[in-house]
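Input: a single structure, listed below in structure tokens.
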Amino acid sequence: MASASASALLRASRARLFSPSLCSRPFPSASSPKPSSLSFVSTYRSLSASSAFRSTARWSHGVGWRSPLSLRAQIRAVAPAIERLHRKFSSMAAENPFKENLTSLPKPGGGEYGKYYSLPSLNDPRIDKLPYSIRILLESAIRNCDNFQVKKEDVEKIIDWENSSPKQVEIPFKPARVLLQDFTGVPAVVDLACMRDAMNKLGSDSNKINPLVPVDLVIDHSVQVDVARSENAVQANMELEFQRNKERFAFLKWGSNAFQNMLVVPPGSGIVHQVNLEYLGRVVFNTSGLLYPDSVVGTDSHTTMIDGLGVAGWGVGGIEAEAAMLGQPMSMVLPGVVGFKLSGKLRNGVTATDLVLTVTQMLRKHGVVGKFVEFYGDGMEELSLADRATIANMSPEYGATMGFFPVDHVTLQYLKLTGRSDETVSMIEAYLRANKMFVDYNEPQQERVYSSYLQLDLADVEPCISGPKRPHDRVPLKEMKSDWHACLDNKVGFKGFAIPKEAQDKVAKFSFHGQPAELKHGSVVIAAITSCTNTSNPSVMLGAALVAKKACELGLQVKPWVKTSLAPGSGVVTKYLLKSGLQPYLNQQGFNIVGYGCTTCIGNSGDLDESVSAAISENDIVAAAVLSGNRNFEGRVHPLTRANYLASPPLVVAYALAGTVDIDFEKDPIGKGKDGKDIYFRDIWPSTEEIAEVVQSSVLPDMFKSTYESITKGNPMWNQLSVPDGTLYSWDPKSTYIHEPPYFKNMTMDPPGAHGVKDAYCLLNFGDSITTDHISPAGSIHKDSPAAKYLIDRGVDRKDFNSYGSRRGNDEVMARGTFANIRLVNKLLNGEVGPKTVHIPTGEKLYVFDAAERYKSAGQDTIVLAGAEYGSGSSRDWAAKGPMLLGVKAVIAKSFERIHRSNLVGMGIIPLCFKAGEDADSLGLTGHERYSIDLPDNISEIRPGQDVSVTTDSGKSFTCTVRFDTEVELAYFNHGGILPYVIRNLIKQ
């Protein structure tokens, strides 16, 4: 008999019904009642939260779901006086000034699909020149316009994008839904539970804390590669995953019952972005007869993968996502849009991964931080949807908010392939064509205006990989050997290891389970086909399988000490690998399926064999990992792999076979075949035609349908989890996974107000490119770290430490894990690498957490000095929460990554930028000074982007730009952060 949770998941499946032919699709019903246009607007605009919840089953993303965008959400206030004014008028009914633009969308055979806010009916020629990505922002503003949260002036700003975007104007945006994964989802649900407690303590209704938009949470970040090279690896790793994470999973299951409109996809289902692409993505919503474009914000930076499907989506911090769930309009700067024209066709043997690494390098060089990138041109027809999704996925690596591919015929074909019904696809096409959001390359193209332009002939792309420490450091395959030797020679840095010449040929011999083995600098010890970037693309996955097949037939074999693994992004991959007959060849080379999740790409690579670990450590070997991922920052993939290269899945297999990155694939043999002859790269590399034939015969629509029909049923381990009832969470003070955070302790209804910083010490002094992995690592917990000490003191064995990412529901662990990356380079340590700093008053060298605690206990504030691109990488809210808990009041950097800067603001930390051409070094700052930041106490006296003076006790002073970019961000700062702001406004409503 099915458990209660299985029943809930099945209810979710039914609630997502679109048509009788496909009961598990998430698309809203096209057959919802159609009100008249006059009554429609008032119905849409006047729904209360409670009536919406009463009329829909929990989990509902489809039938009967009243649009969250119509619900009266949080007040978009900029200062206390304006807040009071808004509260005075918030109860007044607001009518959409664009109601006359509500238009019927007829069905070809009679009747209508529903109604929509028509852009063509505005009769404004400026709209025809807008990039497609900006049209999505425009439609959202028109649909949600109430002259309160979204004003007519906001709509005009977007229509006048060509003139207004260079002026950094602010607009509100309300996404249609929110996407979470479990590493970021657990702290989000912890925050929501804690916010309910805060509402309760302040005498308000805790049930006001409920998502008002559909929320999908996919559990994919917890599985580790404990067992590899085994037919039983999937089951064994899942059992270990549940043993480690039972408490976290039960908490998420509680959340799915306690909160409305939250769907949790159980462990073992796939990677969040592939599930989003293949299943969750709507492209067009039909909510009670109102049609509008799908849009999504997610607590994972690679949410941008959905941009390949023509859905506007990007990553945000967990705290921003929580506010969006609760109806808070997102405040954003109207972005510039880079037009990226693609022409030509990829050459034979060149993969989508080669293309995305090339695009990433080009866009990094161009500079696209805070911008949209929109792809267009004749070359689009040569790119499959999966190829587009690969490029969109790596938007964070090239720095853009989005890498957007407008919907065209290729998109529609993919929707049909992945099991969306014909009726759904017809509705999507009809709506997008009617609203001028569809690209038909068979018709003459209207010239669109972009902020800047780039162009790439696909024929110019060549095979490449990226590394050894950053995703945008692309290396053409033919130059890899010489580049590797340069890295060995170069001083320590992004492209250097500083290995003395006399030590570069060192050979570390050891015994691997009784078999003689050896490692050199550049030896591959991890080869992982992993990550959302590539596992959603059948061409590269089946290409990898063909490489394995050719190698097996020629007698090549991966060395047994190379840790090989294959982690598909969904069960569909397994189905087409089996259908093709190629999975046995991957197994033979050690690439057995290990689980369905992020695994190695997120740092869940598991332990290396003890003999391999010892050989690396004892001989100071620069060992290599090659993975089909999107991130290769230091310390992320595995503590013992100093060189980490991103490569296509076929290249992952090729490098595993070679056993080293110190190879020229054009000239050097990979190994010897069964007849003793040398085998070269060209002998095992499949042609584009070979791959296309296998894709055509092996990837079938029924595979997607059957996979996602079963996904809603859960699995036995998930279904057997028992969870408590109740809408308030019962915190267990002994838990080392879920802990009540201190964010709202002693909170009152009065905002704390703005503040400067007085006589703060420098906690850390950084150079460029400090990532969120440096600030808040997701991987393993080092045995000597403050977090390890905390766990050991509470009776947790080292084998049960799990990862930092899995413990993000416990603020005590995460505060201790802040700046705990073993590869941290802090200038205060004069070249020493590691998670320590100097306590300035005493000169003692301490773990960062211990130093911060000492400053806090003495009542002393701290700041952080940094270089360019501070906070790049994953959209990790703990990279802001952790410093806040450590007592950091401000970060002064040359520049910030977009998501991290907003996260700092969301946690009440002041982000400041040095003036152009200046940094800590040029100003003669050592980090041993005490810093005072002159900010007014009255929030109304602070303007977005204004100059502030910073003085030090050494007599040096300088001017910075305060990076509160919008008026709304100033309101967050006034309230001590975004979450206290939301709570106070919810109570006042």
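The values are calculated or read from the model by the stated rules, or taken from the named source; none is laboratory data. Since the structure is predicted, the reported quantities are computational estimates derived from the model, not experimental observations. Glycine gets a Cβ as well: all are built from the backbone with ideal geometry, and neighbour counts include every protein chain shown. Accessible surface is based on the protein model in full, side chains and every heavy atom, while ligands, DNA and RNA are left aside. Shrake-Rupley method; radii C 1.70, N 1.55, O 1.52, S 1.80 Å.
List of remarks:
- Loop-exposed GluC sites (Glu not before Pro) per DSSP, neighbour cap 11 Cβ within 10 angstrom, longest uninterrupted part of the chain: 448-831
- Integer Hz, Karplus 6.51/-1.76/1.60 couplings in order for segment 237-251, x for Gly and Pro: 5, 5, 4, 5, 4, 6, 4, 6, 10, 3, 5, 5, 5, 5, 5
- Straight-line reach from residue 253: taking Cα to Cα under 19 Å and skipping same-chain neighbours fewer than 8 places apart, the lysines in range are 713.
- Cα→Cβ-extended label distance, 7 Å offset, between residue 921 and residue 784, nm: 2.9 nm
- In the full protein context, segment 240-322 carries 10 Å² of accessible surface per residue, based on a 1.4 Å probe and ignoring ligands, DNA and RNA.
- Span per principal axis, largest first, for the Cα atoms of segment 97-166 (Å): 45, 28, 18
- Cut-off under 5 Å, modelled amide H: who pairs with residue 930 long-range: 953, 954
- Beta bridges per DSSP with both ends in the chain, % antiparallel, nearest 5: 45 percent
- Over 22 Å between alpha carbons, listed pairs 575/672; 501/672; 856/988; 365/894: 575/672; 501/672; 856/988
- The separation of segment 463-530 from segment 376-395, counted between C-alpha centres, amounts to 31 Å.
- Dipole of the chain, positive end: most advanced residue of 775, 530, 435 [Cβ charges, Cα centre]: 435
- Where N is the number of residues in segment 870-963, Cα Rg divided by 2.2 N^0.38 Å: 1.08
- Dipole of segment 464-687, positive end: most advanced residue of 562, 614, 681 [Cβ charges, Cα centre]: 681
- A straight chain from residue 696 to residue 442 at 0.36 nm per residue would run longer than the Cα-Cα distance by 89.0 nm.
- Summary of packing: across the peptides 504-512, 253-261, the per-residue average of other C-beta atoms within 10 Å ranks them, highest first, as 253-261, 504-512.
- Under the combined filter of DSSP loop state and at most 14 neighbouring Cβ atoms within 10 Å, segment 734-831 retains these trypsin sites (Lys or Arg not before Pro): 734, 745, 783, 794.
- Rounded if a/c under 1.5, otherwise prolate or oblate - segment 852-902, Cα gyration tensor axes: oblate
- Of the beta bridges in segment 205-314, as assigned by DSSP with both residues counted there, near 35 percent are antiparallel.
- Cα shape, segment 757-988, gyration tensor, a/c 1.5 rule: oblate
- Each listed q (0.16 Å⁻¹) maps to a log10 I(q)/I(0) for segment 140-281 from the Debye sum over equal C-alpha point scatterers, namely -0.96.
- Surface composition of the chain: carbon and sulfur make up 49 percent of the accessible area, probe 1.4 Å.
- Accessible surface area normalised per residue over segment 338-467 is 33 Å², counting heavy atoms of protein chains with a 1.4 Å rolling probe.
- Contact order normalised by residue count of the chain, Cα under 8 Å, 6+ apart, percent: 13 percent
- In sequence order, calculated HN-Hα J values of segment 155-163 (Karplus, 6.51, -1.76, 1.60; Hz; x Gly/Pro): 4, 5, 4, 6, 4, 8, 3, 4, 9
- Amide proton proximity set for residue 890, modelled H, under 5 Å, gap of 5+: 864, 910
- For segment 119-203, accessible area per residue (1.4 Å probe, heavy atoms of protein chains only), Å²: 29 Å²
- A Cα-only calculation for segment 736-851 places Rg and Dmax at 16.1, 47 Å.
- Ordered by solvent-accessible area of protein heavy atoms (1.4 Å probe), largest first, the residues 174, 129, 246 come out as 246, 129, 174.
- Virtual paramagnetic centre 7 Å along Cα→Cβ of residue 937, amide N under 11 Å, in segment 735-771: 754-756
- Surface/4 estimate of mean projected area, convex hull on alpha-carbon atoms of the chain, nm²: 37.3 nm²
- Cα convex hull of segment 464-687 - mean projected area over all directions, nm²: 11.4 nm²
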